[in-house]
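This report concerns only the one structure given below.
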Amino acid sequence: MMKGVALLAIAAGAALPALAHDPIKAAPSAKVAPAFDLVRTEVGVDGDALVFAHATSGMPGALVPDRNGRLAGAPVYSYVWSTSLDSAAVGFEPAQGILALAAAIHPDFDDTPLDDENGDGNPKNDGKMWHSHWVVLVKDAACGPAGLKVKDIPKGATPKLPRTWPGLPLLIDSPGYRPGFGTSTVEIRVPLRDIGAPKDFKYDGVTAGLRVNANVHDPLLCVENVFKVASGDLSLPGQVKR
């Protein structure tokens, strides 16, 4: 059974309830596509769940990448919440890099083999649907201007991995949390028990495009374009408190 829970519907433009958290606000930018133009990022506790939310100046999820036709060079669009949580919180080895939650879409491959996002009975054809991942991000100059990638697993290495790891040679998890989209908001609910019920942590918001290496080799998945960072500098100024 997947550890994800179904998302409640999101009211248009809704923010989180009045919780103990400090949202990050950003001015709209004419230089960013409205669907990726973050104006508010927040993470808060709602009962037994953490709610990760972004608000954008346009409709999030309205833009999806063009189909590439193969894994090599495949594009990925994502809404990301970078956190100060340790990578061990979701089942990786400790201190592996920046642990981030992401809502992602990539029409050329499916990396959620335990979940059937489109409900057609085949869990292996859902890459064109928005879905969630935990990823560990690290710096790599080979990834161009952004200089970030999802951390690769070296050939022959056998690190500790979450039970919902999708089998790619990356520090990536496919927990089955369904992103919810409204006219100006995107939200993911994560059960507190799944990440050890942390009392507090910091966070930031990012919208970005990633791409699979044309050689399908280390680095396998690079951050190609950072569309917008909520704080402007990825300093993780948001604070979750319980």
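The values are calculated or read from the model by the stated rules, or taken from the named source; none is laboratory data. Since we're looking at a predicted model, the values are computed, not measured. Glycine gets a Cβ as well: all are built from the backbone with ideal geometry, and neighbour counts include every protein chain shown. Note: accessible area is taken over every heavy atom of the protein model, side chains too, but ligands, DNA and RNA are not part of it. Shrake-Rupley method; radii C 1.70, N 1.55, O 1.52, S 1.80 Å.
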Total residues in region 124-156, condition open to solvent by 40 Å² or more (accessible area, probe 1.4 Å) and either free of Cβ contacts under 8 Å to residues at least 12 places away in the same chain or of a type in the set (Ser, Thr, Tyr) (or both): 4
Test: residue 183 is open to solvent by 70 Å² or more (accessible area, probe 1.4 Å), β-branched (Val, Ile, Thr), touching a residue at least 12 places away in the same chain (Cβ under 8 Å) and assigned to a loop (DSSP other than H, G, I, E, B): yes
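Looking only at residues in region 186-242 that are basic (Lys, Arg) and either more than 15 Å from the chain's Cα centre (by Cα) or not in a strand (DSSP E or B) (or both), which one is modelled with the lowest pLDDT? Talk me through it step by step, then tell me what you get.
Pass one, region 186-242, residues basic (Lys, Arg): 189, 193, 199, 202, 211, 228, 241-242.
Of the ones still in play, those that are also either more than 15 Å from the chain's Cα centre (by Cα) or not in a strand (DSSP E or B) (or both) are 193, 199, 202, 241-242.
Details: 193: 96, 199: 86, 202: 96, 241: 81, 242: 78.
That would be 242.
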Residue in region 97-107 that is over 25 Å from residue 154 (Cβ atoms), in a loop (DSSP other than H, G, I, E, B), open to solvent by 10 Å² or more (accessible area, probe 1.4 Å) and at pLDDT 95 or above present: no
For residue 83: the one exception among (1) within 14 Å of the chain's Cα centre (by Cα); (2) within 19 Å of residue 222 (Cβ to Cβ); (3) modelled with pLDDT of 95 or more: (2)
Residue match in region 108-116 (condition: crowded, with 21+ Cβ neighbours inside 10 Å, within 24 Å of residue 75 (Cβ to Cβ), more than 14 Å from the chain's Cα centre (by Cα) and among the aromatic types (Phe, Trp, Tyr)): no
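Quick one: would you say residue 229 is touching a residue at least 24 places away in the same chain (Cβ under 8 Å) and under 30 Å from residue 119 (Cβ atoms)?
No, not satisfied.
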Check on residue 142, assigned to a loop (DSSP other than H, G, I, E, B) and hydrophobic (A, V, I, L, M, F, W, C): no
